[in-house]
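Report on the structure given below.
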Amino acid sequence: MKSILTLIGMACLSLPSPGADERFLLQYDSPAAADLIKAKGKKKEPNFIKTALPLGNGRLGAMFSGGIAEEHLMINDITLWANTKRGQDEVAQSSARRVDPADFEKVRQAYREQRMGTGSDSMEGISTKYLAAKEPLGNYAPFANVVVTTGHDLKSAKDYRRSLDIRSGLGRVSYSVGGGKFTREYFCSFPHDVVAARYTADGAKLDLTIAAITYHQVEKLEATGNRITLVGAAPLVGDKMEFMQLIQVDAVDGEVTAQRDGSLKVSGATDVRIYLAGYTDYLPDYPAFNGRDFRGDCGKAVTAAAKLGYDALKQAHVADVSGLMERCRLELDFKPSGKTTDQLVKQASLELENLYFHYSRYLQISCSREAPVPSNLQGLWNASLKPAWNCDYHTDINLTMNYWMVETANLPESFSPYLEYMRVVAESGRHTARETFGIDKGWSMGLNGNVFGFTAQNEHGRRAQQSGHWLAQHLFEHYAFGGDREYLADVYPILKGAAEFFVGFLAPWKDGSLVVYPTWSPENNYLKGKLNKQCYGAAWDQQLVLNLFTDCIEASVILDRDPEFRETLRRIIPRLSPQKIGKHGQLQEWPEDWDDPKNKHRHISHLIALHPGRDISPLTTRELYEAALVTMQHRGDESTGWSTGWKTNFWARLHNGDRAHKIYRFLTSKRAYANLFDFHPPFQIDGNFGGAAGVCEMLLQSHLRSVHPDAKTIGEAAFVAYEKSPENPKHFVAVAPDDSLAEAPYILHLLPALPSGWSSGKVYGLRARGGFEVDIAWDKGRLVQANIRATRDGRFRVYHDGKLSETITLKKGESKVCK
């Protein structure tokens, strides 16, 4: 760093003014696939999902095809689930098995005796017998579809264009037929909670038929005046989940006629506005999960939107979306090619990489705002009655991965649905902790979740695991970035409950260390074939327990609560099973040296302490860093979409920008559909979010803390979470933090993994822990300028190019410029 200058006020790199910009546009010269209606919800992934363009406000979502003869609009409500239970008593709603303590001891005995394989007496078999859930998880369900028939012929259409402007959240379609030009515009409004559309004709007239369709039981389908009312019910076990979709069609200069089949006909119009609302009966109240006035809310939303008018509705929507999108911007050095997105995605380029980052932020805004539940495996958008993996909440990476970027990419508003879900999980999970594991304090969560508080173990013992430590990580991370003590006080009981459970669940192993079991290292196998997965003391669990206990200790100090519990955690931490370096030089995935260098498995859970954790770093734990490098070399680069996104983050944290960039290029060009949805395959949105998080990590990292203010080097200054065991130089023992960690400033590492392929560029509005926003400009691979703005009073240190600054103090609203 040449210098660090103090600027009072909001000094920043100037943002370009909003407006039409091809760099933020998904564009096509043909419609999306037309198989949505034909599939009737029975196909797991119609081509429509791969090609249509998404809209959403966090709860209500839509995708439009841009079809010429027929426009297909898929509508989703993120709370609509089917084929499971709700409204039971508090214990039953958790779906937890009641397990006799003697039977749980039988389970643990199988693990202590290391009964591998898949037989009935194996670890897996015993866990299935005694722990596995017997209640149905259910699945996320499609809501309804809208079909708009135009009477136009695909073959006669010219000058076709379909686009999505991710800076404004506006979808558009335009084409010509004969002497007439036709346009459509779509958006999904967060401020007014409706989907809105406008159809116009110039030099011709619009003659449309608008119909509503659902794959569920139809309780009412009626067209009256200029409205379509659809009331349906998705099947639950012994119950049903009701919902309603209400559509109002206003033809400015034409005629709207209700049809007996429940559709509307528009004739002789040149300007048609459509307003759509949809709700279910869901409320996030455990254990009932029912009670919303979905009929009344539909009527209120549509009436209010129509009264406001399309133009004002659009203006409020654009202001809302653009405000969030403009908050954080990546500007790589390229010139737009003019290619359609389906052509652009076929080959890696800076243009595609830049677009993908912004599109991921747009998707985050669209599928997670203030809904009562978080984004799922497909975010918000689902066309199938039986989606892949139930389109549920997978807690062995996918749910948490959905929220990695909300802090760093400056979308903290998107975190609230995750928090609401955690409240339900903690309430339900205390029953699972007690009934299944005999632990009276804290809460437990298994591998899969739904919107009705399912916290039981998976239906198969092969997938037995705990998830509370990973889920709780996001709770403290949100505080680390924002510094809101009222928020921390609010979530502290959930954080403490997660820790309390593990205090009771940890058990001594043969070497005397404390380990988590039953468990697995998510989805990976060892020794006796691909199905041999259950184990004890897997590295990921041990790393996350340390992370959880450290967070809980820090929160306890900040809030001045529970000093005795704080000391209990400090006594346990050094007793956790250590991290180990194996015979290949790798970081061991299991407590025994079972790792296979030829194993290319997509999950790399034993590097959680590298990312999204903070306890392995090239700057603080050199030997563990080198072991993590070996592991990453073993696993290779190419994998599923979400795994590729995770590897981007891993290599960024390893400070290898070129390797991170190589994998990000693969993600954007080889693991993205034509509409840039990430695919596993099939479509899973976590890869989109993981990739965007990786971009943030390449440009700014802030997870290390300075606990020694007078230290001149980062190695001397930073808190170190693992120290070498005096008994074995290949073992690294967890370190319990003292109270000083709670006051330790974060270290802002500028351009920690800048790829050589991004030689010049700018980024605006990245967030750093401690309550700071950062703008960075670089040229020829070197820092030009960084502006650091305080969103609250705080302290930090800056690290760049091997040099560590002194501690810098800023008041809220003040800025620092680093050159």
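The values are calculated or read from the model by the stated rules, or taken from the named source; none is laboratory data. Since the structure is predicted, the reported quantities are computational estimates derived from the model, not experimental observations. Neighbour counts run over all protein chains shown; Cβ positions are idealised from the backbone, glycine included. With ligands, DNA and RNA removed, areas are computed over all heavy atoms of the protein, side chains included. Shrake-Rupley method; radii C 1.70, N 1.55, O 1.52, S 1.80 Å.
Data overview
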{"item": "Qualifying position, being farther than 26 Å from residue 414 by Cβ, touching an Asp or Glu at 6+ places or on another chain (Cβ under 9 Å) and open to solvent by 20 Å² or more (accessible area, probe 1.4 Å), among 295, 327", "result": "295"}
{"item": "Unmet criterion (only one of (1) free of Cβ contacts under 8 Å to residues at least 24 places away in the same chain; (2) under 12 Å from the mean Cα position of the chain (by Cα)) for residue 405", "result": "(1)"}
{"item": "Any hit, segment 485-494, residues being open to solvent by 10 Å² or more (accessible area, probe 1.4 Å), without any contact (Cβ under 8 Å) to a residue 12 or more places away in the chain and either closer than 21 Å to residue 613 by Cβ or of a type outside the set (Asp, Glu) (or both)", "result": "yes"}
{"item": "Residues satisfying the stated conditions in segment 541-559, i.e. of a type in the set (A, V, I, L, M) and surrounded by fewer than 24 Cβ atoms within 10 Å (Cβ to Cβ)", "result": "557, 558, 559"}
{"item": "Filter result (in a strand (DSSP E or B), among the charged types (D, E, K, R) and more than 18 Å from residue 301 (Cα to Cα)) within segment 196-230", "result": "202, 207, 219, 220, 222"}
{"item": "Restricting segment 49-92 to residues that are acidic (Asp, Glu) and more than 30 Å from residue 437 (Cβ to Cβ), the residue that is surrounded by the fewest Cβ atoms within 10 Å (Cβ to Cβ)", "result": "70"}
{"item": "Residues satisfying the stated conditions in segment 171-194, i.e. open to solvent by 10 Å² or more (accessible area, probe 1.4 Å) and of a type in the set (A, V, I, L, M)", "result": "177"}
{"item": "Flag for residue 262 being in contact (Cβ under 8 Å) with a residue 40 or more places away in the chain, part of a loop (DSSP other than H, G, I, E, B) and surrounded by 18 or more Cβ atoms within 10 Å (Cβ to Cβ)", "result": "yes"}
{"item": "Residue match in segment 357-366 (condition: in contact with a Phe, Trp or Tyr (Cβ under 7 Å, 6 or more places away or on another chain), open to solvent by 10 Å² or more (accessible area, probe 1.4 Å) and either at negative phi or modelled with pLDDT under 95 (or both))", "result": "no"}
{"item": "One residue from 609, 652 being of a type outside the set (S, T, N, Q), under 20 Å from the mean Cα position of the chain (by Cα), within 16 Å of residue 541 (Cα to Cα) and surrounded by 24 or more Cβ atoms within 10 Å (Cβ to Cβ)", "result": "609"}
{"item": "Yes/no for residue 787 being polar (S, T, N, Q), open to solvent by 10 Å² or more (accessible area, probe 1.4 Å) and farther than 14 Å from residue 707 by Cβ", "result": "no"}
{"item": "Matching residues, segment 458-476, being touching a Ser or Thr at 6+ places or on another chain (Cβ under 8 Å), within 27 Å of residue 80 (Cβ to Cβ) and surrounded by fewer than 24 Cβ atoms within 10 Å (Cβ to Cβ)", "result": "460, 474"}
{"item": "Candidates 95, 122, 168, 156 - the one that is among the small types (Gly, Ala, Ser), buried (at least 16 other Cβ atoms within 10 Å of the Cβ) and under 30 Å from residue 338 (Cβ atoms)", "result": "168"}
{"item": "Qualifying residues in segment 561-583 (those that are farther than 26 Å from residue 538 by Cβ and touching a residue at least 40 places away in the same chain (Cβ under 8 Å)) - the one most open to solvent (accessible area, probe 1.4 Å)", "result": "561"}
{"item": "Those residues of segment 100-117 which are touching a helix residue (DSSP H, G or I) at 6+ places or on another chain (Cβ under 6 Å) and buried (at least 18 other Cβ atoms within 10 Å of the Cβ), in sequence order", "result": "107, 110, 111"}
{"item": "Tally of residues being within 17 Å of residue 683 (Cβ to Cβ) and either surrounded by fewer than 23 Cβ atoms within 10 Å (Cβ to Cβ) or out of contact with any strand residue (DSSP E or B) (no Cβ under 9 Å at 6 or more places or on another chain) (or both) across segment 620-645", "result": "3"}
{"item": "Count - residues of segment 645-689 that are closer than 14 Å to residue 602 by Cα and among the small types (Gly, Ala, Ser)", "result": "2"}
{"item": "Scope segment 310-324; condition open to solvent by 10 Å² or more (accessible area, probe 1.4 Å) and either free of Cβ contacts under 8 Å to residues at least 24 places away in the same chain or among the aromatic types (Phe, Trp, Tyr) (or both); matching residues", "result": "311, 312, 315, 319, 323"}
{"item": "Residue check for residue 197: closer than 30 Å to residue 518 by Cβ, buried (at least 22 other Cβ atoms within 10 Å of the Cβ) and hydrophobic (A, V, I, L, M, F, W, C)", "result": "no"}
{"item": "Where a residue in segment 524-535 is more than 16 Å from residue 460 (Cβ to Cβ) and its partner, wherever it lies, is at pLDDT 90 or above and among the aliphatic types (A, V, I, L, M), with Cβ under 8 Å and at least six apart", "result": "527/116; 528/116"}
{"item": "Among residues of segment 509-554, those that are closer than 20 Å to residue 112 by Cα and in a helix (DSSP H, G or I), counted", "result": "4"}
{"item": "Pairs with Cβ under 8 Å, 6+ apart, first in segment 209-233 and of a type in the set (Asp, Glu), second modelled with pLDDT of 95 or more and part of a strand (DSSP E or B)", "result": "219/231; 219/232; 219/233; 219/242; 222/228; 222/229"}
{"item": "Any chance residue 455 is out of contact with any Pro (no Cβ under 8 Å at 6 or more places or on another chain), among the polar types (S, T, N, Q), part of a helix (DSSP H, G or I) and crowded, with 24+ Cβ neighbours inside 10 Å", "result": "no"}
{"item": "Among (1) of a type in the set (S, T, N, Q); (2) at pLDDT below 95; (3) over 30 Å from residue 776 (Cβ atoms), the one test that residue 17 misses", "result": "(3)"}
{"item": "Filtered residues of segment 340-358 (kept if within 16 Å of residue 762 (Cβ to Cβ) and among the polar types (S, T, N, Q))", "result": "354"}
{"item": "Members of segment 673-686 found to be buried (at least 24 other Cβ atoms within 10 Å of the Cβ) and either touching a residue at least 60 places away in the same chain (Cβ under 8 Å) or in contact with a Pro (Cβ under 8 Å, 6 or more places away or on another chain) (or both), listed by number", "result": "676, 677, 683, 684, 685, 686"}
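Here is a yes/no grid of residues against (1) modelled with pLDDT of 95 or more; (2) of a type in the set (Val, Ile, Thr); (3) surrounded by fewer than 22 Cβ atoms within 10 Å (Cβ to Cβ):
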position: 385; (1), (2), (3): yes, no, yes
position: 389; (1), (2), (3): yes, no, yes
position: 393; (1), (2), (3): yes, no, no
position: 404; (1), (2), (3): yes, no, no
position: 407; (1), (2), (3): yes, no, no
position: 414; (1), (2), (3): yes, no, no
position: 417; (1), (2), (3): yes, no, no
position: 425; (1), (2), (3): yes, yes, no
position: 429; (1), (2), (3): yes, no, no
